[in-house]
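The values are calculated or read from the model by the stated rules, or taken from the named source; none is laboratory data. Fair warning: this is a prediction, and the values are worked out from it, not measured in the lab. Positions of Cβ are generated from backbone atoms using ideal geometry, with glycine treated the same way; all protein chains shown enter the neighbour counts.
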Ligand SMILES: [Zn+2]
């Protein structure tokens, strides 16, 4: 009995110590447009049942509201607002489809407004709800809103990595690294990132040749995936890196009932993220890494199920590869000094299942062609919108101080996306 008491006391002490420590490495993974049904789709394809994705095993899990000021019903007052006007649990439920489905909820999601990626990234990076279309900018006061990376840069204790499969100046990374009334002011956002925010590592696509030049002129070492060699992890320690994600394609699912099967393009995003992480670790400085897979959103907008599965698979594999790297003990990352959060900025597409798909099964589609149009009809699934919805998204957490999350989860097991800012703030800056 005494022995048990002593070891319980030790466990208590250890957990208090790790909780009190600052987190050395923080990964925030964002599946752009990743609805609960996108997660279910990949889980069914890989395992034939739901909730089998890598992060489904994480110790802290919740659902998250994503509404922006544009989606809020009535006048929004930041000091006195009603959460139900942002997301109405009574009508829409406390868990998302496919775990909850009523006609009333379906109607709510078809009609209610929803955030865009800019307002969602701003909420997560600043803790402030803004109107759709702006990044870290308040249209009412016409002022920039400081974000978590501004704070990191002021204190200089952490490096920052912006990693995305999208253009590096697109809404999600922009929300963590720039301020602009208009998310489409791409060149200005890119300039702010390269000239002022200056993350240690930037990985993403880029459509403008002059931006490559701007990066080089401002001290960035320019790389493309085909240039990467393993020794560079050690040789680039004193350089800022700009990795232009040229010729990136999400892997394609192959219908195969015996095993999960994806066909990759030239390279895997997970390998790129591993390269970026190992390079960051060689710099011997704590870091915050934002890692986004944008293709889930793009595919859900266009109702391309296979591309959505590819994006989901890439995210799942990327999270797994970082988790495995921590577990391998080949670096100084441990689950006592590294925090991993996986979430989405919003849902897209309102994917609904007519049939439960089996392991390795893709939905059956048929194409009707007339002279003027081509119509693709899905037999097993349907999409109710081609835009974003106000549906709850998943949020999963493991590692150092993952308990912080629990403080922000309400009685209905829901957290708001502005809490991501508060969690990052606490993990990175409180002693
Ligand atoms: Zn979108």
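Descriptive notes on the structure:
- Matching residues in the stretch 174-188 - criterion: being outside any loop (DSSP other than H, G, I, E, B) and either at pLDDT below 95 or within 17 Å of residue 138 (Cβ to Cβ) (or both): 174, 175, 180
- Residues (in contact with a helix residue (DSSP H, G or I) (Cβ under 7 Å, 6 or more places away or on another chain) and in a loop (DSSP other than H, G, I, E, B)) located in the stretch 399-431: 400, 401, 403, 408, 412, 417
- Total residues in the stretch 346-382, condition assigned to a loop (DSSP other than H, G, I, E, B) and either modelled with pLDDT under 95 or away from the ligand (no atom under 16 Å from the Cβ) (or both): 17
- Residue within the stretch 12-26 that is surrounded by 10 or more Cβ atoms within 10 Å (Cβ to Cβ), more than 16 Å from the ligand (Cβ to nearest atom), at pLDDT 95 or above and not in a loop (DSSP other than H, G, I, E, B) present: yes
- For residue 71, the stated conditions hold: it is part of a loop (DSSP other than H, G, I, E, B) and touching a helix residue (DSSP H, G or I) at 6+ places or on another chain (Cβ under 8 Å).
- Conditions (1) under 16 Å from the mean Cα position of the chain (by Cα); (2) within 26 Å of residue 184 (Cα to Cα); (3) within 16 Å of the ligand (Cβ to nearest atom): number failed by residue 114: (1)
Yes/no matrix, rows are residues, columns are (1) within 16 Å of the ligand (Cβ to nearest atom); (2) assigned to a helix (DSSP H, G or I); (3) surrounded by fewer than 17 Cβ atoms within 10 Å (Cβ to Cβ):
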site: 265; (1), (2), (3): no, no, yes
site: 270; (1), (2), (3): no, yes, no
site: 274; (1), (2), (3): no, yes, no
site: 278; (1), (2), (3): no, yes, yes
site: 285; (1), (2), (3): no, no, yes
site: 292; (1), (2), (3): yes, no, no
site: 298; (1), (2), (3): yes, yes, no
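- Being away from the ligand (no atom under 15 Å from the Cβ), out of contact with any strand residue (DSSP E or B) (no Cβ under 8 Å at 6 or more places or on another chain) and at pLDDT 95 or above holds for only one residue in 318, 331, and it is 331.
- Candidates 385, 343, filtered to the one that is over 28 Å from residue 254 (Cβ atoms), within 16 Å of the ligand (Cβ to nearest atom), outside any loop (DSSP other than H, G, I, E, B) and modelled with pLDDT of 90 or more: 343
- Flag if residue 77 is exposed (fewer than 14 other Cβ atoms within 10 Å of the Cβ) and farther than 27 Å from residue 355 by Cα: yes
- Residue list for the stretch 245-260, restricted to those being touching a strand residue (DSSP E or B) at 6+ places or on another chain (Cβ under 7 Å) and in contact (Cβ under 8 Å) with a residue 12 or more places away in the chain: 245, 248, 251, 252, 253
- Among the residues listed as 404, 409, 326, the single one being touching a strand residue (DSSP E or B) at 6+ places or on another chain (Cβ under 6 Å) and either more than 25 Å from residue 264 (Cα to Cα) or within 16 Å of the ligand (Cβ to nearest atom) (or both): 409
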